[in-house]
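The structure appears right after this line, and notes come after that.
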Amino acid sequence: AVVTNSIPVIQLYLSRPRQNVVVLGGDVIPESQAMVGSLAVAGAEQLRATTLFLGAAAADARGLYVETNVERPTKLALMESADTVILLCDASKFEVSAPIRLCTYDEVDVIITDVEPPSDVRRAAELSRTEIVIATA
C-alpha cells in the first residue's frame, strides 16, 4: 500500500486503481499541496511503513529544515512510523535555508541526491551513518 499526505501523489494514484492508497487527512498547505496537522499526525501514528520518502525545504550540516512549523509534527510522525527514512534532496536544497529544523541526519537512513553534497553535509551524514546515493540519469 502507498500512504500519503500529498495531493499530487493522490492524483497520480487515481489512475492506478489496483494500487491500495491510504490518505492522511488534515489541513492543506497550498504551496506544497500536503495535508498536515493533528488529523494527519493521528493517522500516521496508527501506521507502520516499511519506507518513507521524505522531502525537506532545505538541508545543511545541522540537518533538515521545513518552511512552516505546522508541517513538522506530520513529517516527524511519518518518520516515526517508518522502518527506513529516505530523504529525496536535489541540489537546490543545499543552497537555500528554511526556518524550522525538522531533524538531524541521525533520523535519516539514506539521502538520494543529484549532486555531491557539500563536504560539511557529507561529514554530518557519515557521522550519523546515513548513506548517500548520488542519482544519475
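Please indicate, with yes or no, whether at least one residue in region 119-129 is charged (D, E, K, R), closer than 19 Å to GLU71 by Cβ and surrounded by 14 or more Cβ atoms within 10 Å (Cβ to Cβ).
Narrowing region 119-129 to residues charged (D, E, K, R): 120, 122-123, 126, 129.
Within this subset, residues satisfying the condition of being closer than 19 Å to GLU71 by Cβ are none.
Checked region 119-129: no residue is charged (D, E, K, R), closer than 19 Å to GLU71 by Cβ and surrounded by 14 or more Cβ atoms within 10 Å (Cβ to Cβ).
Any idea which residue in region 32-49 is nearest to LEU76 (Cα to Cα), counting only those that are open to solvent by 30 Å² or more (accessible area, probe 1.4 Å) and either assigned to a loop (DSSP other than H, G, I, E, B) or polar (S, T, N, Q) (or both)? I'd like the intermediate steps shown before the answer.
Step one: list which residues in region 32-49 are open to solvent by 30 Å² or more (accessible area, probe 1.4 Å), which gives 32-33, 38-39, 42, 45-48.
This time we only want the ones that are either assigned to a loop (DSSP other than H, G, I, E, B) or polar (S, T, N, Q) (or both), so: 32-33, 38, 45-48.
Values: SER32: 17, GLN33: 18, SER38: 12, GLU45: 10, GLN46: 13, LEU47: 13, ARG48: 13 Å.
Checked region 32-49; the qualifying residue nearest to LEU76 (Cα to Cα) is GLU45.
Identify all residues within region 50-66 that are assigned to a loop (DSSP other than H, G, I, E, B) and surrounded by 15 or more Cβ atoms within 10 Å (Cβ to Cβ); write none if there are none.
Pass one, region 50-66, residues assigned to a loop (DSSP other than H, G, I, E, B): 55-57, 61-62.
Hits for region 50-66 are GLY55, ALA56, ALA57, ALA61.
Looking at region 7-31 only, could you name the residues that are among the hydroxyl-bearing types (Ser, Thr, Tyr) and either touching a helix residue (DSSP H, G or I) at 6+ places or on another chain (Cβ under 9 Å) or in a helix (DSSP H, G or I) (or both)?
Residues of region 7-31 that are among the hydroxyl-bearing types (Ser, Thr, Tyr), as a first pass: 13, 15.
Scanning region 7-31 gives a single hit, TYR13.
Six or more apart or on different chains, Cβ atoms under 6 Å: show the pairs whose first residue is in region 4-33 and on the phi > 0 side of the Ramachandran plot and whose second is at pLDDT 95 or above and not in a strand (DSSP E or B).
GLY26/GLY37; GLY26/LEU39; GLY26/ALA40; GLN33/ILE7; GLN33/PRO8
Six or more apart or on different chains, Cβ under 6 Å: which pairs go from a residue in region 101-121 that's under 14 Å from LEU88 (Cβ atoms) to one that's surrounded by fewer than 16 Cβ atoms within 10 Å (Cβ to Cβ) and of a type in the set (A, V, I, L, M, F, W, C)? Could you list them?
ILE112/LEU88; ILE112/VAL133; ILE112/ALA135; ASP114/ALA91; ASP114/ALA135; VAL115/ALA91
The values are calculated or read from the model by the stated rules, or taken from the named source; none is laboratory data. Just so it is clear, the model here is predicted, and its values are computed rather than measured. All Cβ positions, glycine included, derive from the backbone under ideal geometry; neighbour counts span all protein chains shown. Protein only, heavy atoms only, side chains kept; ligands, DNA and RNA dropped before computing areas. Shrake-Rupley method; radii C 1.70, N 1.55, O 1.52, S 1.80 Å.
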